[in-house]
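The values are calculated or read from the model by the stated rules, or taken from the named source; none is laboratory data. Quantities reported herein were computed from a predicted structural model and do not represent experimental measurements. Here the Cβ positions follow ideal geometry from the backbone for every residue, glycine too, while neighbour counts run over all protein chains shown.
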Amino acid sequence: LRRAGVLVPTLCEHPGLEGVGSCRLCLVEVNTGRRSQLVASCLYPVEGELTVLTDSPRVNEARRFVLTLLLARYSDVQLIEELARRYGVKPVERLQAEPADCLLCLRCVRACAAQGNGAIATCLRGREKRVSPPFDEPPADCVGCGACAEVCPLGAIKVEEGEGKRRIWGREFTLVHCQSCGEPFATREQFDYLRKQPPDLLVEEELCPRCRKLDQALRISGSTT
Ligand code: SF4
Ligand code: FES
């Protein structure tokens with residue numbers, strides 16, 4: 001749908017992570033010829049002949065309903081406000097709930113797990129459910145990469161940087177400066193972690209992504225001349 005330029009709002013989906021289909025914002029109407037149903041487009045496998053309606057009355061009604069519930073809990077979150085405005089959803093007084101800043105979309109937990117770490121997870125249940133490091137203590141498994149904060153759609157994870165340090169989840173990490181341009185771009189613990197991985201992930205030079213690309217391009221052009 002994205003490749004075709006069709007706009008479908010999403011929150012829990014991230015192109016680099018396995019889908020979980022938790023926010024239900026990406027509902028579309030799929031017609032397989034035998035039946036028509038509302039499905040979460042981020043999880044629906046595209047196969048055979050399908051008609052997909054992304055803007056039908058049924059889809060818009062379902063989307064507005066999801067946004068009404070989201071707006072009740074996340075009325076202070078800019079992204080939710082913008083989505084609600086786009087779909088003409090107004091706050092419903094009797095639905096007002098205690099404000100929250102985390103959607104429990106688990107993008108952060110999935111990003112951490114995808115890198116082989118398990119520094120954060122969900123804890124507690126029901127309305128108390130939230131994302132945190134084990135026992136709410138600074139997580140020993142965290143390497144300070146900041147991927148969790150990077151993928152959070154609501155900006156709910158706080159990362160502070162200054163004086164050569166990065167602070168996240170109650171821990172402080174030393175920033176590594178790019179050997180070429182001098183910009184701080186990763187943490188010492190990230191490099192220590194990568195150096196313990198299989199040889200194909202071996203990182204010798206401490207170069208930021210921009211300088212690494214440039215370095216690779218120069219090597220390729222050097223080897224072809
Ligand atoms: S902190 Fe952000 S990414 Fe993690 S579950 Fe909450 S909203 Fe999703
Ligand atoms: S994007 Fe959240 S269910 Fe599909």
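Could you list, in sequence order, the residues of the stretch 22-60 that are within 13 Å of ligand 2 (Cβ to nearest atom) and surrounded by fewer than 15 Cβ atoms within 10 Å (Cβ to Cβ)? Selection gives L43 alone. Does the stretch 7-35 hold any residues that are within 25 Å of the chain's Cα centre (by Cα) and either β-branched (V, I, T) or at positive phi (or both), and which are they? V8, T10, V20, G21, R24, V28 - these are the residues of the stretch 7-35 that are within 25 Å of the chain's Cα centre (by Cα) and either β-branched (V, I, T) or at positive phi (or both). Does the stretch 27-39 contain any residue that is within 16 Å of ligand 1 (Cβ to nearest atom) and of a type in the set (V, I, T)? Within the stretch 27-39, not a single residue is within 16 Å of ligand 1 (Cβ to nearest atom) and of a type in the set (V, I, T). Just one of (1) within 13 Å of ligand 1 (Cβ to nearest atom); (2) touching a residue at least 40 places away in the same chain (Cβ under 8 Å) trips up Y193, so point out which. The failed condition is (1). Residues that are within 18 Å of the chain's Cα centre (by Cα) number at least 2 in the following strands (runs of 3 or more DSSP E) confined to the stretch 36-146: 121-123, 130-132.
If only residues of the stretch 32-43 that are in contact with a strand residue (DSSP E or B) (Cβ under 8 Å, 6 or more places away or on another chain) and modelled with pLDDT of 95 or more are counted, the one that is nearest to R2 (Cα to Cα) is S41.
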